[in-house]
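The values are calculated or read from the model by the stated rules, or taken from the named source; none is laboratory data. All figures in this text were calculated on a predicted structure; none of them were measured in a lab. Glycine gets a Cβ as well: all are built from the backbone with ideal geometry, and neighbour counts include every protein chain shown. Accessible surface is based on the protein model in full, side chains and every heavy atom, while ligands, DNA and RNA are left aside. Shrake-Rupley method; radii C 1.70, N 1.55, O 1.52, S 1.80 Å.
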Amino acid sequence: MSSRNPPEQYEDEEEEKPKPVDPELSDGRRPALYQPTLEELEAKNQRKLALDDETFENKLLVTFVRINPFNKEKVGNVGSWGASESESSILGPAGPSYVGKVYRNPISNQVQLKHEGRNIYDFHAVDLWSREHISAPLDKLRKDRYLFRAYPMQYRTWLYHEMHRSNRHPDSADETAQLRKVLSLIVIDAPVSAARWSPFMLMVPSLFFVAMMNDEQLSPIALIFAIIMQRLSTRYNTTDGYKEIRFLLLIPRLVWVLFVLIRALFWLSNATPLQVVGLIGCLLCHFLDFWYGDKEVINNYKLNCHYEIIKQLPNRAFIVRRRGAADTEHRFGFRGVVHQNVAGSGKWGTDMLLIVEVMGCLFELRPFTSSDWEKVQEMYMQDENCRLTYWGLDCYHKDMPSFNVLERKRQVNAAAIASKAGSRVTEEADPEILLKQLAETKALLARGASKFEDNASDNMDDSPPPTPDSGGPKAPKSKPPLLT
């Protein structure tokens, strides 16, 4: 007989199930046994149903996760930013900041961010509207006027950090004085190299060809000249000297090429094939240096520009006008148009830009193009669990949906401060002056509310106002709340 118990004995017994373990990981890593929320599961199901439909472009639900906290907490609480102890070194008074960690390579002119740690604050978009997260169909996001794509301004960011490291601070109490100074500098912001690399890059391969020539005088002089060139390139890697290094070494390079030709006349008649190859290679390296270096500096000189701030938005965002580089759009394409609710102007010129500072780095914000949304669509088709992130600047919200409302609020606050200052000086408030200021404020608000009543329609919860369609029915109008 078998000693096995019959299975009937276990029918009424409950099997002990293992309890779920809630793992705790550091460095902001996602747990291996991650349990998605109901919102994530619903968004995943909607995306799956949209991908099966033929018109899934209008139904595809795209979700952006916010990187920085929506409600600003104390920076001392590292967990509120999702940062570990290793990332706490970059947390400043207003959150993470990489100021002082961007460097420029003096030889290859590459601008890089040097930070020992995991970059957990990477983002795909920048949002000017105040909201905790973004989850909307793709066709609605195409019309979102407050969502932008960020393009880093590498050289201006490096200049900004270099001034911080050298303690070159402006003599002003304005918190944006340093940014204004950086934007006023003449720099090439176009996506070109503009031959800002050092001539030492092509001097190094020319040393091997000099050694092939087997000249006892050329070899030591070439080595000394290369060392001097490298030291000068490193020394002039500053905010003022990085443009001068190529012109500073122009005459010494011409003298060096002339000296090589004179020395070659002594042994060229009895030269071996190896020496001829060395001479041709050395001259070719210097020819490439002059052609792709000095010639490109002259050709790209017209791309130098600086910026003039015309409007300032909350949280270190600026509407600027570019001075110089007039054919940038002609060479590199159209950059898009910022909506009048954001810019505060009816016409967006080709020389106007929207520049923001995020984590101590400068970015140019441009509206998403159709090709950008097509890439997002392909990402969801390849991986329905892809995770897009954004950085929220919180410049606008439902009570302040446009720049004109923001400007009215600033004027009202300025009038209130002026009235308080007058009452402190006289120790007694003058009723006539206060009534006059109150009447002017009410007239200003009434005049602005009737002009921009369409821009504040349909402000449900924290969603931005929709873009009105030209042919469809208009949304019900609602006036913005008066600022009292």
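Side notes on the structure shown:
- Share of pairwise Cα separations in the stretch 117-200, more than 20 Å, in percent: 60
- In this calculation the C-beta distance from E440 to L288 is compared with R0 = 51 Å, giving a FRET efficiency of 0.15.
- Distance violations [Cα-Cα > 20 Å] among K143/K311; K181/K311; K243/K302; K181/K243: K143/K311
- Globularity index of the stretch 187-334, i.e. its alpha-carbon radius of gyration over 2.2 N^0.38 Å: 1.41
- The alpha carbon convex hull volume per residue for the stretch 163-262 rounds to 120 Å³.
- Where only C-alpha atoms are counted, convex hull volume of the stretch 340-417 per residue in Å³: 163
- One quarter of the convex hull surface built on the alpha carbon atoms of the stretch 90-137 amounts to 5.8 nm², the projected area averaged over directions.
- Relative to its residue count, the stretch 118-164 spans a Cα convex hull of 137 Å³ per residue.
- From phi via Karplus (6.51, -1.76, 1.60), per-residue ³J(HN,Hα) for the stretch 223-239 in Hz, x at Gly/Pro: 5, 5, 5, 5, 5, 5, 5, 5, 5, 5, 5, 6, 5, 8, 7, 10, 5
- Along each principal axis, Cα extent of the stretch 174-216, largest first, Å: 62, 21, 11
- Where the stretch 209-284 is the region considered: accessible area per residue in Å², 1.4 Å probe: 60
- Length gained when the stretch F208-Q411 is fully extended (0.36 nm per residue, less Cα-Cα span): 66.2 nm
- Computed about its Cα centre, the charge dipole of the stretch 97-180 is approximately 280 debye, with only Lys, Arg, Asp and Glu carrying charge at their Cβ.
- Carbon plus sulfur fraction of accessible area for the stretch 146-211, probe 1.4 Å, in percent: 58
- 5 angstrom amide H check on D144, placed H, neighbours 5+ away: none
- Apportionment of accessible area to carbon and sulfur, the stretch 294-421, percent (1.4 Å): 52
- Spatial separation of Cα centroids for the stretch 164-234 and the stretch 362-409, in angstrom: 37
- At full extension, N105 and R387 could sit 98.2 nm farther apart than now, given 0.36 nm per residue minus the alpha carbon distance.
- The modelled label-to-label distance for the pair I120/R321, using points 7 Å beyond Cα in the direction of Cβ, is 4.4 nm.
- Hull shadow area, averaged, the stretch 216-293 [alpha-carbon convex hull, nm²]: 5.6
- Solvent exposure of the stretch 340-403 as accessible area per residue, Å², 1.4 Å probe: 39
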